[in-house]
Amino acid sequence: MHRSHLPSALLLLVISVLAADLVPARTPLAESAAGPAAGGTTPPVAAIRCGRLLDVRTGTLTEGAVVIVRGERIESVLGPGGAVPAGAVVYDLSRRTVLPGLIDAHTHTFLQPGDYDVQLLKQSLPRRTLQAAASARALLLAGFTTIRDLETEGAMYGDAALRDAIADGVVPGPRMQVATRAISTTGNYALLGYAPEVIVPKGVQIADGPFEIRKAVREQISFGADWIKVYGDYRTFKPSGEIVDLRVTMTPEEMSALVDEAGRRHRPVAAHCYGDEAARQAIRAGVRSVEHGLFLDETTFRMMIDRSVYYCPTLAAYYKSWEATPTPAWKKVVDGHRESFQRALRMKVRIASGSDAGDFPPAEAASELELMVKYGMQPLRALQAATLVDAELLGWQDRIGSIEPGKLADLIAVDGNPLEEIGSLRRVRFVLKGGEVALDQDGAAAGR
Ligand SMILES: [Zn+2]
């Protein structure tokens, strides 16, 4: 989803957040005062002293727990008073609640709030890539240690480059799975509305017919796509926000070709669908997730349950649009979305957490969890959506999503108790990603 003409004050907000006084985003534990272990071959060890440690599987809070991190992985989780290994760097988070690093399963690091057409027409790809790197850093500092970035909105394969640069330590950011360009059919994605003789860029790769679509899938995978994103339907909004035209973009044959071709290369498919018709077609074709699902009924959710398809509602982007433009038409969108979400909740659909950040400043991505709770989800369930469920959606449940021995050391500390106040996720004070400190606002005890 994107929309136009957001006040530039939001962009200023992003910039001011980025300018906040934070530690350098890459502080290897090995460089602490404890120094590397003798011989330099043993990975550095850190001990995280937790005020409270949240077991996200059960909701249990353990006071005084200590997490031992060796290199990039969690070695053990000790109870209160557990012995800290000699030479470990100690991080004193005894005033904080520690929980797994959050996952956002629907972001657009290459999209900024503001005029969509201007971004595609007037901003160079290098400029957009630098902006995306800043967004990735903002997401990491907001506690999101992993994201699924669902298309670059016309910025080609920049997300694959950003993913790899982050993995190589060139720039700070979450670990990423990326969708590259996304696919829709002629007439069914912006930029639209220009004179036919004027050649304008498109926010997605346009492909028609099974053969073109298979070729587009192959191209995207060859240039680094971890996911294929498809537009199952597409809408045009009136300036008031009302959906004036919601149409299914592909024939069943086209959708099946897309999912089949992706599957041949073991790439899952994420389908943008607002309505039942597109969602059912996508589900029948075998997609792994349905994005947005503004207006989905029980039959569609039943199909999703039967086929283990995830629902990634992205409540935040639409809610914020309504807040910014509180017209009756936007209210209809938000009301329908809330009813769909509550239907899915009652039916126990697998609900993932993704915010559509990019439409709004990435530093606010945790507002997705606040909305899920506002609409009736238990705080623990919302936290599970943004950790355990999202990890499964990404196929990384063996390495992220919980604080358990053997998993990557992705953890955050917040000021407050998110089980009682989900808004405490806005007060992230410490971020550890793969054993490296990304944020340490307390200046907690490094090297002591
Ligand atoms: Zn989106």
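Laboratory data are not the source of any read-out in this text; all were calculated from the coordinates shown. On a predicted model such as this, the values are computed, not experimentally measured, just so you know. Here the Cβ positions follow ideal geometry from the backbone for every residue, glycine too, while neighbour counts run over all protein chains shown.
Things worth noting here:
- Charged-residue dipole, Cβ positions (Lys, Arg, Asp, Glu), the chain about Cα centre, Debye nearest 20: 400 debye
- Estimated translational D of the chain in µm²/s (Stokes, Kirkwood radius over Cα pairs; 25 °C; 0.890 mPa s): 110 µm²/s
- Against the main long axis of the alpha-carbon atoms of the chain, helix 252-264 sits at an angle near 30°.
- Cα-based Lys pair tally, the chain, threshold under 19 Å, eight or more apart or on separate chains: 14
- DSSP bridge orientation in the chain - percent antiparallel, rounded to nearest 5: 50 percent
- Taking the helices alone, the chain has a mean residue ellipticity at 222 nm of -9000 deg cm²/dmol, built from -39,500 (n - 2.57) per DSSP H run of at least 4 residues and averaged over all its residues.
- Axis of helix 328-347 versus longest Cα principal axis of the chain: the two differ by about 60°, to the nearest ten degrees.
- Over the stretch 62-125, volume per residue of the alpha carbon convex hull, in Å³: 175 Å³
- About its Cα centre, the dipole of the stretch 181-299 is roughly 460 debye, where the only charges are +1 on Lys and Arg Cβ and -1 on Asp and Glu Cβ.
- Ranking of M250, M156 by neighbouring Cβ atoms within 10 Å, starting from the fewest: M156, M250.
- Nearest 10 degrees, 0 to 90: helix 158-167 Cα axis against the chain principal axis: 10 degrees
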